[in-house]
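Peer 1: Would you mind keeping the following structure in view while I ask a few things?
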DNA sequence: TGAGGGAAGTGAATCGTTTCATTCCCTGAC
DNA sequence: GTCAGGGAATGAAACGATTCACTTCCCTCA
């Protein structure tokens, strides 16, 4: 059915080895032979069979990327960064979504292993490291993304989330807030735990109070739910600032607590609050939609694309056997906007 | 280096054929042989080589999906729908981003062809059909997504965008607006052209006026730019309603034109307007962030996940040689929220 | 004149899985 | 006791690109 190198070789009157050379090392073949082979390829509509190529090569030209949540624009950006850097090296990226579940993560890693991927980039679900070790033991280069590996055996690219949490909290303190709530969860997600820890440290040092409001996931919907919970309280019992573990939560919170423009507090405000007047709000990640919120959201920016592209760089370094920069850590950056009075 | 069926066979004291049978048709093998082989697989850490498998099978278990813009949550949902349906059949989905560019689309289609993908789902860049025909001629099942194929030769899943445009415009008319602006572009994108056409028809029939405000892309940033343009005009010259070609544009518009809550028109409003009071706004797609906007955005909902899963269904039908439902068309649905006074 | 060498091209072996025609062995029927 | 039938297992062939040791051919230079 399909046209193979054999057919092309016959058509062009050369051997299969020569066709392969034309494809991979044209400089080793005389110009007119190249032309003749190329003409045959064109005429027959030959398309290389990647499976055969990979079988011979022993590995594929694809990088597997496992993220916690594809719906989060932060990860979309990471993926874009990885993809464009990979493309520069003739590699492609396959994106998989673990939804923070062990079994989904394992399933995708199994798939990647069967595919003998070039390497794997993974934002690991908490404590699934044994599975990753097996991966590496099978000779598949692995880089942890958005997680600093304590274990020295994995390369990693991360952002200092403790520092990010500290920055966010200090900003809220600097605008005079003292009754601060952290909204996020589950805390088994390392990013959440670190941001909380950073905030706690900063607030503790300033004699502020930090309240923890847990969520089941880092989504807009959960943010809305948390917001409704805050509104249900007596106004004097509400925090005067909220630090959300990511922007999705923050946007949900914003939607549910903020007073609508033009509406009087009495009318349909129904206990809604002014932002940042009554409650200042800051998120994390600085996704595109953060600045698009009508009350533009303050946030802690992570260099998402850079994280993705750097992860690919590390993979290539491991690949080339160079001593890789084992742990790259980026610093987060405060972005002040309307939701904290900027 | 790597463990192959050969090694497993030797270890378990059986032939390679038997190992393969254990892997693929365990019911054909006696229970204790299955157990023995499984034990060897476990002990040796054998992992199937997918490339060899594909080479033999002639095709892969991967579906290629080419979308116009991965950053648009609408397409993320389509991808999720496709992925979950594909997973039910043991297939995976590789998502590629054409960014509405011919060459990027072609590059990815080439890649998919080399990979002998199981099938291709594509939201085609305008008029790149010849490339798709070649794909199909090479025996790769192809389904057009979010585009109704005029050419009967492709199966397709689409939403009636003309109808969607009509619905949006009629809604704006029904709340008394007559000076309506359509913001979107480039019109070479079929979705944009259709939505515009639908709006035009409805507004023409009602003696309203439709103004076209072009954009270079369907992004938040372009929406903001369009919004600034509207604000720069004399208030009497502004439209009283805006229909944005998608939600990203609408969110950008909202951000740039809406009066901030609590601020007087004079103070920092700087010519900003009330939404929906001065300008009603409706978007398209009904992405998650639409309802999260502080003035919740009215929109025209498309069943994104359903589009994705249906596309995979069509692919499977073509695959099985069944006469496929060649053109599936879903109807869009109006979702009224605060930005049009809901 | 002939050795040496380089450029061009050859084709068999290889990667690892699946398939399928074939063999082997056992049971049950006549 | 023999034979048909069937369950279980076998192993060689096939998939298609790449590689590499080897052959040809031709040119140069001593």
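Peer 1: Just for the stretch A:273-292: of the residues that are facing another protein chain (nearest Cβ under 10 Å) and under 21 Å from residue A:175 (Cα atoms), which one is surrounded by the fewest Cβ atoms within 10 Å (Cβ to Cβ)?
Peer 2: Within the stretch A:273-292, the first condition is being facing another protein chain (nearest Cβ under 10 Å), and the residues that meet it are A:274-275, A:277, A:287-289, A:291-292.
Next, only the ones that are under 21 Å from residue A:175 (Cα atoms) stay: A:274-275, A:277, A:291.
Working: A:274: 15, A:275: 26, A:277: 12, A:291: 19.
Going through the qualifying residues, I end up with A:277.
Peer 1: For residue B:185, work out the one condition from (1) within 14 Å of chain A (Cβ to nearest Cβ); (2) buried (at least 16 other Cβ atoms within 10 Å of the Cβ); (3) more than 29 Å from residue A:104 (Cα to Cα) it doesn't fulfil.
Peer 2: (1)
Peer 1: Then there is this: Tell me yes or no: at least one residue of the stretch A:109-117 is more than 10 Å from chain B (Cβ to nearest Cβ) and assigned to a loop (DSSP other than H, G, I, E, B). Before you say what the answer is, go through the steps one by one.
Peer 2: Step one: filter the stretch A:109-117 for residues more than 10 Å from chain B (Cβ to nearest Cβ), giving A:109.
Imposing the further condition that a residue be assigned to a loop (DSSP other than H, G, I, E, B) reduces the set to none.
So far as the stretch A:109-117 goes, no, none of its residues is more than 10 Å from chain B (Cβ to nearest Cβ) and assigned to a loop (DSSP other than H, G, I, E, B).
Peer 1: Let me ask you something else. Identify, from the list B:183, B:143, the residue that is in contact with a helix residue (DSSP H, G or I) (Cβ under 9 Å, 6 or more places away or on another chain) and either over 30 Å from residue B:340 (Cα atoms) or outside the structural domain of residue B:253 (by TED's automatic domain parsing) (or both).
Peer 2: Details: B:183 fails: either over 30 Å from residue B:340 (Cα atoms) or outside the structural domain of residue B:253 (by TED's automatic domain parsing) (or both).
Within the list B:183, B:143, the selection yields B:143.
Peer 1: Something else: Take residue A:82 and tell me if it is more than 13 Å from chain B (Cβ to nearest Cβ), away from DNA strand D (no atom under 16 Å from the Cβ) and in contact (Cβ under 8 Å) with a residue 12 or more places away in the chain.
Peer 2: Numbers: more than 13 Å from chain B (Cβ to nearest Cβ): no; away from DNA strand D (no atom under 16 Å from the Cβ): yes; in contact (Cβ under 8 Å) with a residue 12 or more places away in the chain: yes.
No; evaluated as a whole, the condition is false for this residue.
Peer 1: Assess whether residue B:168 counts as being out of contact with any strand residue (DSSP E or B) (no Cβ under 9 Å at 6 or more places or on another chain), assigned by TED's automatic domain parsing to the domain that holds residue B:280 and in a helix (DSSP H, G or I). Break it down stepwise before answering.
Peer 2: Details: out of contact with any strand residue (DSSP E or B) (no Cβ under 9 Å at 6 or more places or on another chain): no; assigned by TED's automatic domain parsing to the domain that holds residue B:280: yes; in a helix (DSSP H, G or I): yes.
When the stated conditions are applied, residue B:168 does not pass them.
Peer 1: Also, quick follow-up: State which residue pairs qualify: first residue at positive phi and inside the stretch A:1-22, second residue part of a helix (DSSP H, G or I) and more than 10 Å from DNA strand C (Cβ to nearest atom) in any location, beta carbons under 9 Å apart, and separation of 6 or more residues or different chains.
Peer 2: Hits for this filter: A:13/A:40.
Peer 1: Being in contact with a strand residue (DSSP E or B) (Cβ under 6 Å, 6 or more places away or on another chain) and facing another protein chain (nearest Cβ under 8 Å), is that true of even one residue in the stretch B:62-72?
Peer 2: yes
Peer 1: Can you name the residue in the stretch B:3-19 that is surrounded by 17 or more Cβ atoms within 10 Å (Cβ to Cβ) and within 10 Å of DNA strand D (Cβ to nearest atom) and is also nearest to the other protein chains (Cβ to nearest Cβ) among such residues?
Peer 2: B:5
Peer 1: Can you tell me which residues in the stretch A:29-61 are more than 8 Å from chain B (Cβ to nearest Cβ) and in contact (Cβ under 8 Å) with a residue 24 or more places away in the chain?
Peer 2: A:36, A:37, A:39, A:40, A:41, A:43, A:44, A:46, A:59, A:61, listed by residue number.
Peer 1: Return the total of residues in the stretch B:245-272 being in a loop (DSSP other than H, G, I, E, B) and either at pLDDT 80 or above or within 10 Å of chain A (Cβ to nearest Cβ) (or both). Steps first, answer last, please.
Peer 2: So in the stretch B:245-272, the residues in a loop (DSSP other than H, G, I, E, B) come out as B:245-246, B:259-264, B:270-272.
After this cut, where a residue has to be either at pLDDT 80 or above or within 10 Å of chain A (Cβ to nearest Cβ) (or both) as well, the list is B:245-246, B:259-263, B:272.
Total meeting the criteria: 8.
Peer 1: Do you know which residues across the stretch A:22-52 are more than 16 Å from residue A:8 (Cα to Cα) and buried (at least 17 other Cβ atoms within 10 Å of the Cβ)?
Peer 2: Within the stretch A:22-52, A:50, A:51 qualify.
Peer 1: Residues that are within 13 Å of DNA strand C (Cβ to nearest atom) and farther than 30 Å from residue A:247 by Cα: which helices (runs of 4 or more DSSP H) entirely in the stretch A:4-94 hold 2 or more of them?
Peer 2: A:5-12, A:16-24, A:31-44, A:50-57
The values are calculated or read from the model by the stated rules, or taken from the named source; none is laboratory data. This structure is a prediction, so every number in the text was calculated from the model and none was measured. Neighbour counts run over all protein chains shown; Cβ positions are idealised from the backbone, glycine included.
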